[in-house]
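Trainee: Submitted below is the structure of interest, expressed as structure tokens.
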Amino acid sequence: MSVNVVHLEGSAAGRLIIVGDIHGCADQLRQLLVKTHFTNDAVRQRPELLTASPGERTVIADAAIMKIPCALQPMSSPHHRRPTPTSSPLEGLGGPALGDVDSPASPAYSDHTGRGTNRDDAVHSRDEDVCVFVGDLVNKGPDSYGVVRALRAIGAIGVVGNHDASLLRLAHKIRTGAELTPKESESRLLPLAVDCPDDVYAFLNSLPHILCFHAYRLIVVHAGVDPSLPLEQQTIDAVTRMRNLVSAKKYTAQLVDSATGAPPYVALSLSERFATLERPKFGKSWSAKWSELASELNGGSGAAVMPAAVVKKPREAWEDVEDDAASTRSADESRGGSTAAAAVVGRREKDKKEKWRKRISTVYKGYTIAYGHDAKRRLNIHPYSYGLDTGCVYGGELTCLVWPNTLVSVPGLSNPPPHHKSNV
Ligand SMILES: [Mn+2]
């Protein structure tokens, strides 16, 4: 099965609000959306969607699959109306602001859509916000079905996470009467899968792996991407599970365990340039590397403008040992001053440029990625990547990004379940 990418054109009449991993925390989802003053026709018609008290359940009878249930329309072709790339929305803005949203319709918002909004469109009012989710709607928290139904009721769109995919696999097996493996029979997702209602199953089943909002130059994915490959060439395992990236050279140089014959770290995917890894023990955070490469691709160094309070760790120089050595040599040679030396320097600079260009596909020029999945790293903001999983079921918060530059959070579960090693 190949990765399912949905390309969207057009912009929302209101704001784009991207919510991090929710994990069954339906009350926190409502609180968060209320805090952002989220509003659209669905909420105006049914205000109880965002005000339901704990314990109440919204029952949606209609089990139809909603492919793209919002003001945005799927693109007829992935390359249709590709916008002119611009710099990251964070560059020059000093990074996102943490806190409340002052105005439900910030004027700065429409300036960043690049194409304006369809606010004159009689069908949509000005306050037609769109909620986007990064996956992992279910498992761990108290009301997984409630999260799915709340998102569906407000016309939210988003991508599938590894927990959602595991629930779907299990529910499918149960529905078709297939025999479960011993591991599946012990899964904590089993009760959710056994009882999974049709509307929840249909909604989760309709989710793509990747959403691409071309008008916003925004890509939404659960875990991450291999920067060297276009979206359609990513693997499902990588985009739903990866946390780290390591150069293919370093990955293949691993010493194989003599007892098992296997390398100590097994990749989710391996391209000519990179291996993607689930466990954050080998390589580095994919999103830091992504942002670094995207900054180079866009001809700037976006990392410099990020406030220290937002970026937890400084940009890491890694993997580029050969590049550093080349630039040292270039500096020595340029002091010689000869034309031949200058030509060598020029060639080396060109080689260096070509080298990093192979590390990020040029289709990503101007694009930023919003993702979740990495609760341990919590909020992980770089100029071209936004990690939004702030661990709302691990004693953290539920966070959303009001595109392009405002982060809003509410406290997560007050009594988080004991932390188990994830088995999905
Ligand atoms: Mn996940």
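The values are calculated or read from the model by the stated rules, or taken from the named source; none is laboratory data. These figures come from a predicted structure and were not determined experimentally. Please note: Cβ atoms are built from the backbone with ideal geometry, for glycine as well, and neighbour counts cover all protein chains shown.
Trainee: Being aliphatic (A, V, I, L, M), part of a helix (DSSP H, G or I), within 25 Å of Phe38 (Cα to Cα) and within 22 Å of the chain's Cα centre (by Cα): is that true of Leu204 here?
Mentor: The answer is yes for Leu204.
Trainee: Mind counting the residues in segment 243-272 that are assigned to a loop (DSSP other than H, G, I, E, B) and within 16 Å of the ligand (Cβ to nearest atom)?
Mentor: 2
Trainee: When you go through (1) away from the ligand (no atom under 16 Å from the Cβ); (2) under 30 Å from Ala223 (Cα atoms); (3) of a type outside the set (Gly, Ala, Ser); (4) in contact with a Ser or Thr (Cβ under 9 Å, 6 or more places away or on another chain) one by one for Arg348, which number turns out not to apply?
Mentor: Result: Arg348 fails condition (2) only.
Trainee: Can you pull out the residues in segment 189-242 that are of a type in the set (Gly, Ala, Ser) and either within 16 Å of the ligand (Cβ to nearest atom) or in contact (Cβ under 8 Å) with a residue 60 or more places away in the chain (or both)?
Mentor: Ala202, Ser206, Ala215, Ala223, Gly224, Ser228, Ala238
Trainee: Among the residues of segment 190-200, write down those that are farther than 12 Å from Ile174 by Cα and assigned to a helix (DSSP H, G or I).
Mentor: Asp198, Asp199, Val200
Trainee: Taking Arg335, is it surrounded by fewer than 16 Cβ atoms within 10 Å (Cβ to Cβ), assigned to a loop (DSSP other than H, G, I, E, B), of a type in the set (Lys, Arg) and modelled with pLDDT of 50 or more?
Mentor: Taking the combined requirement at face value, the residue does not satisfy it.
Trainee: Tell me yes or no: at least one residue of segment 270-292 is more than 21 Å from Gly224 (Cα to Cα), modelled with pLDDT of 85 or more, surrounded by 12 or more Cβ atoms within 10 Å (Cβ to Cβ) and over 19 Å from the mean Cα position of the chain (by Cα).
Mentor: The answer is no; no qualifying residue exists.
Trainee: Looking for something more than 16 Å from the ligand (Cβ to nearest atom) and within 25 Å of Leu401 (Cα to Cα) - is there at least one such residue anywhere in segment 372-379?
Mentor: Of all residues in segment 372-379, those more than 16 Å from the ligand (Cβ to nearest atom) come to none.
No, segment 372-379 contains no residue that is more than 16 Å from the ligand (Cβ to nearest atom) and within 25 Å of Leu401 (Cα to Cα).
Trainee: Name every residue in segment 238-277 that is farther than 23 Å from Lys358 by Cα and touching a helix residue (DSSP H, G or I) at 6+ places or on another chain (Cβ under 6 Å), in order of residue number.
Mentor: Matches in segment 238-277: Thr240, Arg241.
Trainee: Quickly run through segment 153-169 and pick out the residues that are surrounded by fewer than 24 Cβ atoms within 10 Å (Cβ to Cβ), part of a helix (DSSP H, G or I) and either acidic (Asp, Glu) or away from the ligand (no atom under 16 Å from the Cβ) (or both).
Mentor: Ala153
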